[in-house]
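The values are calculated or read from the model by the stated rules, or taken from the named source; none is laboratory data. The model shown is predicted, which means the values in this text are computed figures rather than measured ones. Neighbour counts are summed over all protein chains in view; Cβ atoms, including those assigned to glycine, are modelled from backbone coordinates with ideal geometry. With ligands, DNA and RNA removed, areas are computed over all heavy atoms of the protein, side chains included. Shrake-Rupley method; radii C 1.70, N 1.55, O 1.52, S 1.80 Å.
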Amino acid sequence: MIKTVLTTPYGDQKMGTGGLRKKTKVMMQKHYFENFIQSVFDAIGGIKGKTYVVGGDGRYFNKEAIQIFIKMAAANGAKKLIIGQNGFISTPAGSNEILKNHTDGGFTFSASHNPGGINGDFGVKYANETGGQVPTSITDKIYALSKEIKEFKICEHEDIDLSQIGTQKLEGMEIEVIDPIADYIEMLSKIFDFAALKKLFQSGFTMRFDGMNAVTGPYAIRLFEETLGAAKGSVIRATPLPDFGGLHPDPNLVYDKDLVDFMYSNEATDFAAANDGDGDRNMILGRKFFVTPSDSLAILTDNYKYVPAYKNGIYGVAKSAATSTAVAKVAKALNIPYYVVPTGWKYFVNLMDSKRITLCGEESFGTGSSHIREKDGIWAVLFWLSIIAATGKSVEEITREHWKKYGRVYYMRFDFEGLETQTADKLMSDLEEKLASLQGKKYQDYEVSNAAPFVYHDPVDGSSTKNGLVVDFTDGSKITYRLSGTGSSGATLRMYVESPDSKDFNQETFKKLQPLMNIGTEIAEITKRTGKTKADVNT
Ligand code: G16
C-alpha cells in the first residue's frame, strides 16, 4: 500500500564534494533520510518509469536505508531498481552498472572514506545517467526542495530479501538483485591484460591489498586471489563491517599506518595497496616506498601504453587544482590536452563525456579514467601492476625513473580539523581579500608570483566554479587553501603545499616543505585564528 507521509524540513541537507554526508545519528533522525531522498526525486522531475542502480558500502544504517529507499522508489513509480547483492556495491562498481545497463542513475549509500558506525558518518551519493555525481545546478535544486519539503511517498511492505540473485516485484516496480563484482571484474578484464598479470603472480610476485574492512574486500579476493592468482591471504581486512572494525577507512599514511608499517618492515611484499570505504580511493606502496597520489597520476599517464585499453593513445589528462603539477609535465611531453578542475570528481565528467580526457586524478587518493565516471581504487591497482608486469621494475624504480625524467614535485597536505565553521569561513574570506596585496611579496627564499582564487570555466557547459585560493611562487612552488567539502560536522581547512626540484630527489618531504608550510600558516594567520600551532593530519 502506498502512503503519503507528512513531514517537516530539516534545512541542513546541502550536498558537499561527495554527496550528502552527515553523522549517522543525524541521518537516522525521524524522516531525515526520507526527506532527502524525496527531495532528490522531486528535483529531477520525479522517477516515474525510471531505473536506478542501488547499493552501499555496508556501513551502519546501510541495511535500513536501502529498505526505505526501495519502498520510496516503488511508491514514487520507479520502473526498476538494480541492487547489489545484500545491498553492497562499491562506488566504481555502481558507476559501471549505470553505464552497462543504461539506467537513469544510481544511489550509493556511503560516507566514502569517513568512519562508520553509530557514532560515525553516513552518506548518500547520487549519480545521474552519466554514471557520475550530478552537477552543482542539481545539488542546489535538491537542497532548495529539501528546505521546503512537506511530504514523501512510501510503500507499506515488509523488508525485501536482498540475499538472493534474481528478480522480484514491489507495487509494479521490478527489483533485480545482481552480483556487481562479476560485472566489475568483466569490465576490468576488457581494459587490462589479465594474462600478463597472471604471469606476474606466477613469477612469485607478492602483494598485499588492504580492504580496510570496507566494501572492496570481496572484490579484491575474487580479482587478485581467485582470478589473477595472487597468493591466498594477499587480501587482508576483507570482510565489510558496519563500523569498519573501528578503522577510519581512508587509505593514506595516517589512517592506514598498519599497511605502511608493514611495507617498511622486513616482511614487506613487492607491492601493496589499500582502498577506502566505498572503493574509489587508493594508496600505492612499494617496499619501503610510498607514491603520492599526484605522482601516481603522473606516472600512470606517462605509462599509458602498458594498458591495452589505452595503448592506441589517450585524449588528455586532468587533475584538481589542489593536486600537484607533476602530471602537467607529462601532458606537455606527450603533447596531450591538460585540464585543471575544482576539487570533486563530478568536474571530470564533462571532460570525459566530451572525449577531452581519458585519465584524471586528485591528491585525495583518487585516480581513474573514462571507463566509468567515478574514481576507481582497484583500477588504479591494476594499472600499477600492469606497469610492473611490463617493465619488470619495482614501484620505487618506476617512480625514481619518473623523477629523473621529469623532476620531482615534493608535495604534502596539511589538515586543520574540527574548526568552527564561522572561523574557517572568515579565515578564507579574509585571505581572499588580501591575496592581491601578496603579489611580489618575499618570504625568506620564496617570492610570490601570483595569488588568486582558483576559478574554473567548464569548457563543455560554460559554468564557472570558484574553489580554493592559490598562492604561486616564482620558483614554481605553490600553496593552495580550501575548506573540505566532505566533513559531517564543523570545518576542516586544507593547506596543500608543493615545491618542484629537478635535481635533488632524496630530500625528506616534510623537511623540504617545512619553510613553505610555515609561510602558508603565516599568510593565512592559521595559528592566530584557529589556535592551532600545527596541522592535525599531514598526508
Ligand atoms: C570526494 C570527491 C572527490 C574529492 C574529495 C574531496 O571524495 O568525490 O572528488 O577529491 O571528496 O574531499 P574534501 O572536500 O574533503 O577535500 P570521496 O572519496 O569522499 O567521495
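Overview of results
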{"read-out": "Any hit, the range 446-453, residues being of a type outside the set (Gly, Ala, Ser), in a loop (DSSP other than H, G, I, E, B) and within 21 Å of Arg529 (Cβ to Cβ)", "value": "no"}
{"read-out": "The one condition in (1) in a loop (DSSP other than H, G, I, E, B); (2) open to solvent by less than 30 Å² (accessible area, probe 1.4 Å); (3) at pLDDT 95 or above that Lys532 fails to fulfil", "value": "(2)"}
{"read-out": "Residue in the range 466-485 that is within 16 Å of the ligand (Cβ to nearest atom), among the β-branched types (Val, Ile, Thr) and closer than 28 Å to Phe289 by Cβ present", "value": "yes"}
{"read-out": "First in the range 175-200 and without any contact (Cβ under 8 Å) to a residue 60 or more places away in the chain, second anywhere and open to solvent by 30 Å² or more (accessible area, probe 1.4 Å), Cβ under 6 Å, 6 or more apart", "value": "Lys198/Gly229"}
{"read-out": "Selection count, the range 324-340, where residues are assigned to a loop (DSSP other than H, G, I, E, B) and open to solvent by 50 Å² or more (accessible area, probe 1.4 Å)", "value": "2"}
{"read-out": "Test: residue in the range 40-52 that is touching a residue at least 60 places away in the same chain (Cβ under 8 Å) and touching a Ser or Thr at 6+ places or on another chain (Cβ under 8 Å)", "value": "no"}
{"read-out": "Selection count, the range 486-520, where residues are more than 11 Å from the ligand (Cβ to nearest atom), within 30 Å of Gly120 (Cα to Cα) and open to solvent by 10 Å² or more (accessible area, probe 1.4 Å)", "value": "2"}
{"read-out": "Matching residues, the range 441-462, being open to solvent by less than 50 Å² (accessible area, probe 1.4 Å) and either of a type in the set (Ser, Thr, Tyr) or over 23 Å from Gly520 (Cα atoms) (or both)", "value": "Tyr443, Tyr446, Tyr456, Asp458"}
{"read-out": "Residue that is surrounded by the most Cβ atoms within 10 Å (Cβ to Cβ) [pool: residues in the range 297-323 that are among the small types (Gly, Ala, Ser) and more than 14 Å from the ligand (Cβ to nearest atom)]", "value": "Ala298"}
{"read-out": "Residues satisfying the stated conditions in the range 59-83, i.e. charged (D, E, K, R) and open to solvent by 20 Å² or more (accessible area, probe 1.4 Å)", "value": "Lys63, Glu64, Lys71, Lys79, Lys80"}
{"read-out": "1 or more residues out of contact with any helix residue (DSSP H, G or I) (no Cβ under 6 Å at 6 or more places or on another chain) and of a type in the set (Lys, Arg): qualifying strands (runs of 3 or more DSSP E) within the range 1-111", "value": "2-6, 20-23, 80-88"}
{"read-out": "Qualifying positions in the range 90-115 - more than 11 Å from the ligand (Cβ to nearest atom) and within 12 Å of Ala65 (Cβ to Cβ)", "value": "Phe107, Phe109"}
